[in-house]
Every structure is written in C-alpha cells, then in structure tokens.
Amino acid sequence: MKLLPYWQDTATPFAGGASGPLEGKVDVAIIGGGFTGLSAALALAKRGASVVVLEAARVAAAASGRNGGHLNNGLAHDFPSVAASLGMERARALYHAFNDAVDSVERIVTEEGIACDFRRCGKIKLAAKPEHFGKLAASFEVLHREADPETALIPRERIREEVGSDLYHGGVVYNRSAQMHMGRFGAGLADAVARHGGRIFEETPVTGLTRLQGRRHRVATPRGSIEAEQVLVATGPSQNGPFGFFRRRIVAVGSFIIATEPLPKATLDAIMPTRRNATTSRIIGHYFRISPDDRLIFGGRARFAMSNPTSDRKSGEILDANMRTAFPQLRDTRVEYCWGGLVDMTADRLPRAGEHEGLLYAMGYSGHGAQMSVHMGQCMAAVMGGQDAANPLHGLDWPWVPGHFGPAWFLPLVGAYFSLKDKMQ
Ligand SMILES: Cc1cc2nc3c(=O)[nH]c(=O)nc-3n(C[C@H](O)[C@H](O)[C@H](O)COP(=O)(O)OP(=O)(O)OC[C@H]3O[C@@H](n4cnc5c(N)ncnc54)[C@H](O)[C@@H]3O)c2cc1C
C-alpha cells in the first residue's frame, strides 16, 4: 500500500515554477498555491496584472491535492438550520454560491483545456440511521422548495438503485454536483497560471509581512522579498508564517482516505451503479466515489487527529474496516493507497473571505472547499479589481475560537463529543 494521495501519484506534476531570487514589485502577491491561490492568480494574470504565487511546498499538494475528489454543490449544513440562523435570503445566496462554484470549476476546465475527468455525476447524501432519513426528508422539503429544485428524495426501498449497501436508509440526490481528478486539475491550473504570465515560486514559505500603506505590503521569504500593491492570503489551515489572526479562527483537523485497486465493472455496478459522489449523515461520517480508473475512493474523519504517515496508516485501518462493513462485496479487494490531509475548519463550518488590516483572504472551507476554493479565487481576484460585491461571503462575522492559538489541543475532546452525539442521534 502506498502512503500517498492517489491524485498525486497518477498526475504529471507541475514543472513550470519560477526560479531565482524574489525581488522588485508586483501588482499582487498570493500566499499559498492551493486551488484558492492558483485560481486567483489565473484570473489576475488573464486580466494583465503582474502576479506571483508564493508556495511553501509544492502547488496543489496540501488539501487541494489530498481530498476526496468531490465537487458537491450546496451547503454541507442542514439548509433549514442555516436559514434559521442567517435568514432565508442569505441561506439561499450561500447555497447558490456553491452552485456557482461548481460552474466556475467547469468553466476553467473548459477555457484552459484541463484534462481532469470533470464529470457532472450528482451527489447522494445517505441516511446512516433509519431516524436520519426523517430528518433528511424534512430538510429536503424546505431545500427543494426554497433553493434547489434539482434535488430528489430517494426512499429506503429505492436506495439500492444508488448504492449497493444495506447500511443506508434512503437519501437526497443533488444533481448539480460533479467530480474530477484533483491532481490533474491542480497541475493544469498551475500550468494555466504560468501560461498566462503568472510566476509561481514553489518551496518559498512566507516568513514576514510588513504593511506599507493601505493594501500595499512587503512580503518576505528565504528567497528574498517583494513589494505588492495587494496581497491575498490563501494558506488554508497553515501552521507556519505570520498569520496569527487566521490561526486563531481556523482549526486544522485531519481527514483520511483510502483507495482500492481498480474494480471490475460488475463490482462497480453492484456497489455504486450511478457512480455519483456519496456522503453519509453521521457527524463523523464517510464520503466516497469511484475514480476515473475504477477504484473506490473511501474517506472519512476516522479519528480526530492530525495527518502524518503514522496517523494516516492508523486511520486507514479504521476506514478499511468501515468500507468492508458498508460493502461486503469488497471482502477480497486490496487497498492500494492511504493518505490524509488537514481540513481548515471554522467554528460554524462556513468559509470566510474578506479583508483584515489591508490583507485580503479566503479560507475556512471546512472540508467542503474543492469547488469553493476555485470559485473564491476568482471572486477575490474580482474584489482586487475593485468589485467588492463579487465576494459572496462578505459581511459574515468571524470571531476567534476561544482558547485556540495554534495546534488544536481540544481535538480528542471534540472527537469524543461527536462520537457520543453520533451514537445518540
Ligand atoms: C482529506 C481531505 C478530503 C477533502 N475532501 C473534499 C472533497 O471531497 N470535496 C471538497 O469540496 N473539499 C474537500 N476537502 C477540502 C478541500 O480540499 C479544500 O477546501 C481546498 O482544497 C482548499 O484549498 P486552498 O487553496 O484554500 O488550501 P490548500 O490546498 O490547503 O492550500 C494552501 C496552501 O498554502 C500553503 N501555505 C501555507 N502556509 C504558507 C506560508 N507561510 N507561505 C507560503 N505558502 C503557505 C500550503 O503549503 C498550501 O499549499 C478535503 C480536504 C481534505 C484535507
């Protein structure tokens, strides 16, 4: 078994990075070369701005290259609960922003000719307990009427048309959701940035930021420093660099994934006949899909822990058992990949984007950001061009997480609390 992301092992890595010292002036410096940063860089470079991306490691190798491969539309939250706390109009706008996000990915894939197996497959949210189906159905009724007529309720007796498992008790289908090969998209996006004149500096961590005036900053790295008229912080759950404001608001939580060997068509037809993305209704739930080369990619939180090779392997063992419980048909199937990554969680699991003391930022996608990060990169590029209304997340307040300054010491407690809640609900 390989302890690395399937997406990165089956894509040609980006090879167009800039070399030499970092110096001079640019219109925009982007900190972080994940989907948020690369997408913003692409939009800015296409508009003729001079732009650099400063990436601490390799592009699209953190969450953007380690995720489950789903581009799901809609909020990860229960829609009526969001409407109750933020109002129906705002809830609808946020929901539709995720529809726009999937559209943004599709547009970029088409415009830049990125071969990444993008497919509008739909997603099914599965009821993991009989009583969860009632809750999903009540929520579906409001959602379908108020925000998404392209959703459909699948009762228990039809669930095997969607997923070949006895574990699930019905579900809701979101037809606008899509999927793609995240590694091929990440490399293609970085190639497009470079082709349009953006400069990407890999292995270039930002270590210092000095505000000069308004949005203008001097950005320091071990490779030198650069003056930028505007700076976008797109660092996800970064543990490094001068980003204390963001670190107090984002909790880095591990999420883990395994991928099987390629499966025969008969097995695929038996376990996932519709080949959609699937997520389950538990708080510590699962997400799964079929890869372009016919593997089952099966992920979940497994443990409330950080991601590193030892932790990934332990979590992989839990996921392996969970997968075989869900799909006894895979009894003799080999698992060939296991990996993990860090999710940038906010307290309310809604992403945030805006401006703080002259720094623009977009982050906090809370495990539901492969599509939204691409979209927010485009939106924040428009904000930098003067279109403030282009930010669909404007005006969401963002208090810090009390007691949180960096590594999340409270994760095991949170994990224990959610496990208990899962058992009781
Ligand atoms: C295991 C896992 C599964 C997931 N599954 C899904 C899914 O199926 N569907 C979905 O929608 N979302 C999913 N997500 C979430 C999704 O992948 C992220 O929301 C999205 O990729 C975030 O992109 P980003 O560019 O904001 O952040 P990232 O991809 O994390 O990129 C941030 C970059 O900033 C760089 N950086 C940090 N600090 C510095 C510094 N000081 N200087 C320079 N660079 C720095 C990092 O090296 C990194 O490359 C998953 C996440 C994980 C971890």
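Based on DSSP H runs of at least 4 residues, each adding -39500 (n - 2.57), what is the mean residue ellipticity at 222 nm of the chain after dividing by all its residues, to the nearest 500 deg cm²/dmol? All intermediate terms of the calculation are to be shown ahead of the outcome.
Working: 11 runs with 138 residues, N = 425.
It comes out at -10000 deg cm²/dmol, rounded to the nearest 500.
With viscosity set to 1.567 mPa s at 4 °C, what whole-number translational diffusion coefficient in µm²/s follows for the stretch 129-226 from Stokes-Einstein and a Kirkwood radius over Cα pairs? Could you put the intermediate results ahead of the total?
Working: Rh = 18.7 Å.
Rounded, D is 69 µm²/s.
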- Message: Along the charge dipole of the chain, pointing to its positive end and built from +1/-1 on Cβ of Lys, Arg, Asp and Glu, which listed residue (GLY208, SER39, LEU393) has its Cα farthest out?
- Response: GLY208
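Counting only other residues whose beta carbon sits under 14 Å from that of MET1, what net charge do I get with K and R as +1, D and E as -1?
Details: positive: LYS2, ARG295, ARG313, LYS314, ARG334; negative: ASP9, GLU261, ASP312, GLU317, ASP320, GLU336.
Residues close to MET1 contribute a combined charge of -1.
State the extension gain, in nm to one decimal, for the chain segment bounded by GLU227 and LEU167, taking 0.36 nm per residue of separation less the distance between their alpha-carbons.
In short, 16.0 nm is gained.
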- Cα-Cα P(r), the stretch 177-237, percent of pairs per 10 Å interval: 17, 38, 32, 11, 1
- Message: Output the 0 to 90 degree angle, nearest 10, between the alpha-carbon long axis of helix 411-424 and the longest principal axis computed from the alpha carbons of the chain.
- Response: 30
- For the stretch 231-340: relative contact order, % (alpha-carbon pairs under 8 angstrom, 6 or more apart): 33
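Give, in nm to one decimal, the length gained when the segment between LEU153 and GLU89 is fully stretched (0.36 nm per residue of separation minus the Cα-Cα distance).
Working: separation 64, 0.36 × 64 = 23.04 nm, distance 2.34 nm.
20.7 nm is the gain from fully extending LEU153 to GLU89.
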- Message: Let me check the size of the stretch 1-132 from its C-alpha atoms; what are the radius of gyration and Dmax in Å?
- Response: 18.6, 62
- Note on the structure: Across all Cα atoms of the stretch 47-94, Rg and the largest Cα-Cα distance (Dmax), in Å, are 17.3, 43
- Message: From the alpha carbon gyration tensor of the stretch 235-328, can you work out the equivalent ellipsoid semi-axes (sqrt of 5 times each eigenvalue) and give them in Å, largest to smallest?
- Response: 31, 14, 12
- Note on the structure: Short to long, in 10 Å steps from zero, the percent of alpha-carbon pairs of the stretch 249-385 per bin is 11, 35, 29, 17, 6, 1
- Positive-pole candidate from LEU22, PRO273, HIS132, dipole of the chain, charges at beta carbon: HIS132
- Message: Give me the percent of accessible area attributable to carbon and sulfur for the stretch 6-415, probe 1.4 angstrom.
- Response: 52
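Looking at this model, which pairs from LYS129/LYS314; LYS2/LYS123; LYS125/LYS314; LYS46/LYS125; LYS129/LYS265; LYS135/LYS265 are more than 32 angstrom apart at the alpha-carbon? Before the final figure, lay out the partial values.
Values: LYS129/LYS314 26 Å; LYS2/LYS123 28 Å; LYS125/LYS314 26 Å; LYS46/LYS125 37 Å; LYS129/LYS265 29 Å; LYS135/LYS265 34 Å.
Going by Cα-Cα distance, LYS46/LYS125; LYS135/LYS265 fall outside the 32 Å limit.
For the stretch 6-415, what is the accessible area per residue in Å², given a 1.4 Å probe and the full set of protein chains?
Numbers: 15800 Å² over 410 residues.
Heavy-atom accessible area per residue stands at 39 Å².
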- Note on the structure: the stretch 6-415: relative contact order from alpha carbon pairs under 8 Å, six or more residues apart, as a whole percent, is 24
- How are the Cα pair distances of the chain distributed, in percent, across 10 Å bins from 0? 5, 23, 33, 26, 11, 2, 0
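The values are calculated or read from the model by the stated rules, or taken from the named source; none is laboratory data. None of the values given here were measured: they were computed from a predicted structure. Counting neighbours? That spans all protein chains shown, and the Cβs are built from the backbone with ideal geometry, glycine included. Keep in mind that these areas ignore ligands, DNA and RNA; they rest on the heavy atoms of the full protein, side chains included. Shrake-Rupley method; radii C 1.70, N 1.55, O 1.52, S 1.80 Å.
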